[in-house]
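I have placed the structure first, in the form of structure tokens, so that the comments after it can refer back to it.
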Amino acid sequence: MKVAVAGCCHGALDKMYETLELLQRRHNVRPDLLLCCGDFQAVRNEADLRCMAVPAKYRDMQTFYRYYSGEKKAPVLTVFIGGNHEASNHLQELPYGGWVAPNIYYLGYAGVVRFRGVRIGGISGIFKSHDYRKGHFECPPYNQQTIRSAYHVRNIEVFKLKQLKRPIDIFMSHDWPRSIYHYGNKKQLLKMKSFFRQEVESNTLGSPAASELLQHLKPTYWFSAHLHVKFAAFMQHETNSKEELPKATKFLALDKCLPHRDFLQIIDVEHDPNAGDSLEYDAEWIAVLKATNSLVNVTQSSWNMPEKNGLHAKWDYSVTEEAIKEVLEELNHDLKIPCNFTLTAACYDPNKPQKNMEPVHTINPQTTEFCAQFGLTDINDRIQQAKEEGSGRGECEEEEEEEMDSTGSPEEPSEYNTDNSGLSSFNPDEIMLDEEGGDEDLSTCSVDPSPDHPQFSTSFSDIRIMPDSMAVSSDDATDSNNEELEKSGGRKQVEEKSPTERSLKRIGADENGNSGVKKIKRRNQAIYASYAAEDEDKTD
């Protein structure tokens, strides 16, 4: 079957679906499934906009609300994960996944589903070590810290995914797995994104949690976004025994959804021709959720997952075939995900704007039904109970002095001793903004879509059609053997930075430890400006 994969959507659903329709008209190619790798921005109304971690002047309603209201319907089944620019209050309603609109499915904090026999997994958010070991304690209305920590990956989600034993066909993460750049054309990547050099050379670019999952799950395909540049890699995994067959992962990071950007990829994926056309639950994933339900944490206290270190009576939560069989029997072997989308918030009306609409903490009926069916803890219900009881720290309290800033918090011991959330060196190219932004940048690409490039490369067009398998070889993963990549190097001239610019992230605090004013690189200002203007190059 044909699968379309998109990078950061940034709420531009009309643009994304129009591109798919153009693909069908020009090339007679109709994807069976669309995957989106985060920054989807499922914004329903003005309150949702206030829950999105971008400066207020860059908050744009975009077009999702038309699909939420029923005015429009997604022309192809769409499955997405969350990124770091989301209506976090909306996605938080569906921690285990669910429909955000008819035909548009969110995978949750982490999740695995099946479509036509293809097993698709994903993890939402981005990695920050200072929040990694906390529970999902945030709820709206958010403060300046929780509006960001709400989308940070937690160790419990990684732990759940690491309990999976059966093969994964496709996996999605928003930020890149750390070190993946060593398996692709690193030279060309640094030509397009010279400010990545310091992090690439110090091996701190990307998520160590995603890298851990990549090595454990070894999926056939891994798709990411976040850095707004297209990049391909091919990773051959080491085998754990002589009996184990060699496995390899074809990695692809995609650009963001804007005109003249290379944000969409079409691949052919082997599928079960006898499987139905409905999105289905994954029985092993449901069994893992049941097995790990006792580990659910809704406090901001840091804790480690069970491991074989003598401190835990149980550390292996992988499930048996018998447990998977029990799930199938509970469902009468009908794994179809019910189409039970429900409106849970008022929809934006351009004729009646409500700029003062406040976000509220909502219990979504889809989550209630899912938890009741499988005997799981409704995370939002647990948070709400804790809030009402006034117990614990961090249950939606507005006392910001009790919380540390996301970019300036002290490092706590964890599985990972590195955090790339900020560097302390001075960056001469920074500008001052009143709010913190993201970590992305812009790049340039060619305009004309073309189906005539079967090679798997990072040359640019709006649409790229892949052959039966992604043609990535070990030669493609070297710095010197990709002619098309070298040719595309000249296209980056528009985005060349001054010699003084370095690969420095934003600074969360000044030399005196003050962090009241956030410093954002010019490249981050540009990404926000692009939400409201298609001509993003003018921001540089």
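Per-structure values
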quantity: Accessible carbon and sulfur surface of the stretch 8-49 relative to its total accessible area, %, 1.4 Å; calculated: 39 percent
quantity: Cβ-Cβ FRET estimate between Lys187 and Lys247, R0 fixed at 22 Å, reported to 0.05; calculated: 0.25
quantity: Value of Rg/Rh across the stretch 2-390 [Cα atoms, Kirkwood radius]; calculated: 0.94
quantity: With every protein chain in place, the stretch 270-360: carbon and sulfur % of accessible area (1.4 Å); calculated: 47 percent
quantity: Probe 1.4 Å, accessible area per residue of the stretch 2-390, Å²; calculated: 36 Å²
quantity: Extension reserve of the Lys73-Ser318 stretch, reckoned as 0.36 nm per residue once the Cα distance is removed; calculated: 84.4 nm
quantity: Subset of Lys72/Lys160; Lys218/Lys242; Lys256/Lys352; Lys165/Lys191; Lys186/Lys247 violating a 28 Å alpha-carbon distance limit; calculated: Lys72/Lys160; Lys256/Lys352; Lys165/Lys191
quantity: Where labels lie 7 Å past Cα in the beta-carbon direction, separation of Gln215 and Glu201 in nm; calculated: 2.4 nm
quantity: Protection proxy ranking, peptides 339-350, 7-18, average beta carbon neighbours within 10 Å, highest first; calculated: 7-18, 339-350
quantity: Asn274 versus Asn240: modelled label distance in nm, points set 7 Å from Cα along the beta carbon direction; calculated: 3.0 nm
quantity: Size of electric dipole in the stretch 10-71: Cβ of Lys, Arg +1 and of Asp, Glu -1, about Cα centre, debye, nearest 20; calculated: 100 debye
quantity: Scattering curve values for the stretch 1-136, log₁₀ I(q)/I(0), Debye with Cα scatterers, q = 0.14 Å⁻¹; calculated: -0.64
quantity: Given charges at beta-carbon only (K, R positive; D, E negative), |dipole| of the stretch 2-390 in Debye; calculated: 1400 debye
quantity: Inter-centroid distance (Cα atoms) of the stretch 20-83 relative to the stretch 300-369, Å; calculated: 21 Å
quantity: Solvent-accessible surface (1.4 angstrom probe) belonging to Leu20, in square angstrom, nearest 10; calculated: 10 Å²
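The values are calculated or read from the model by the stated rules, or taken from the named source; none is laboratory data. Source: prediction; values computed, not measured. Cβ: placed from backbone, ideal geometry, glycine included. Neighbour counts: every protein chain shown. Keep in mind that these areas ignore ligands, DNA and RNA; they rest on the heavy atoms of the full protein, side chains included. Shrake-Rupley method; radii C 1.70, N 1.55, O 1.52, S 1.80 Å.
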